Amino acid sequence: MQKLEVPDHIAIIMDGNGRWAKRKGLPRIKGHFEGSKSVRRIVEVCVELNVKYLTLYAFSTENWKRRKSEVHALMRLLNRFLASELKNMMKNSIRFRVIGDVSLFPPDLRKNIISVESRTKSNSGLTLVLALNYGSRPEIVRAAREIAVECLKGDIQPQAIDEAVFQKHLYTDGIPDPDLLIRTSGEVRLSNFLLWQCSYTEFYFTGVLWPDFGKKELIEAITEYCDRERRYGKERA
Ligand code: IPE
Ligand code: IPE
Ligand code: MG
């Protein structure tokens, strides 16, 4: 097999849980449950491959539009996932981090998130980033607001605002931009995910539904990524 040059940061829009369930005549939540098994699988493969950052889109700012019962079920699933995965995170030295605004999440879930983040803070292996109630536009607006407040206080001059300053106010502060972005289920859009951070990311779209996405599919995506030439505006080699 060709030697894989594994990207440092892989981001995934995990889509297709609902369709997976529908095809099997199962309730949507069963699709999400199977999707959570894919998360475990992919985290394991990323640890094995020495990926440094894995960012997973788990709940968007737009997903509140779904039925209450589905939203509740997703929160419950998330809570269970955190409780069951902490041991594995410690074993594999995984650092857990959340991007997004979780202030509207149920208090017990918030408590769990904070606890897993703080307990895994010093781990030095894979950084697992979960995007929860995340939307790129609200993230960018929030950054602009914070910088405006700093300007009003006189802490920063408008001329001093550059990309590096702006980036510091994004949820992803300290996390490098994704090298590879994968979206499953055949949808070809970003759905408000990492708009700022993906300006030079390589995109990979697959028709595979998230619950069916495993090691083989991830390796396929990485293999295609390895064949790409990232030019960043320069002429072809
Ligand atoms: C992705 O699967 C999971 C979340 C958005 C939480 P979907 O639930 O969007 O699955 P489809 O798009 O309905 O198949
Ligand atoms: C994007 O999937 C959000 C997550 C995967 C969490 P959606 O299924 O919500 O996206 P749209 O609505 O099809 O764009
Ligand atoms: Mg979807």
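The values are calculated or read from the model by the stated rules, or taken from the named source; none is laboratory data. Keep in mind that this is a model prediction, so the values were computed, not measured. Heads up, the Cβs are rebuilt from the backbone with ideal geometry, glycines too, and the neighbour counts pull from every protein chain shown. Side chains included, ligands, DNA and RNA excluded: accessible areas come from the protein's heavy atoms. Shrake-Rupley method; radii C 1.70, N 1.55, O 1.52, S 1.80 Å.
Key figures for this structure:
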| quantity | calculated |
| --- | --- |
| The stretch 9-20 - residue that is in contact (Cβ under 8 Å) with a residue 24 or more places away in the chain and more than 16 Å from residue 56 (Cβ to Cβ) and, of those, farthest from ligand 3 (Cβ to nearest atom) | 20 |
| Hits in the stretch 142-197 (condition: open to solvent by 40 Å² or more (accessible area, probe 1.4 Å), of a type in the set (A, V, I, L, M, F, W, C) and within 16 Å of ligand 1 (Cβ to nearest atom)) | 188, 190 |
| Hits in the stretch 164-197 - residues which are among the acidic types (Asp, Glu) and more than 19 Å from residue 140 (Cα to Cα) | 179, 187 |
| Which listed residue is outside any helix (DSSP H, G or I) and surrounded by fewer than 17 Cβ atoms within 10 Å (Cβ to Cβ), from 84, 124 | 124 |
| Only listed residue being over 18 Å from the mean Cα position of the chain (by Cα) and either away from ligand 3 (no atom under 16 Å from the Cβ) or within 24 Å of residue 89 (Cα to Cα) (or both), chosen from 167, 157 | 157 |
| When residues of the stretch 41-54 are limited to those that are open to solvent by 80 Å² or more (accessible area, probe 1.4 Å) and more than 14 Å from the chain's Cα centre (by Cα), the one farthest from ligand 3 (Cβ to nearest atom) | 50 |
| In the stretch 180-237, residue farthest from ligand 3 (Cβ to nearest atom) [restricted to those that are of a type in the set (Val, Ile, Thr) and either assigned to a helix (DSSP H, G or I) or without any contact (Cβ under 8 Å) to a residue 24 or more places away in the chain (or both)] | 223 |
| Matching residues in the stretch 198-213 - criterion: being away from ligand 1 (no atom under 16 Å from the Cβ) and either under 21 Å from residue 60 (Cβ atoms) or open to solvent by less than 10 Å² (accessible area, probe 1.4 Å) (or both) | 198, 199, 201, 203, 204 |
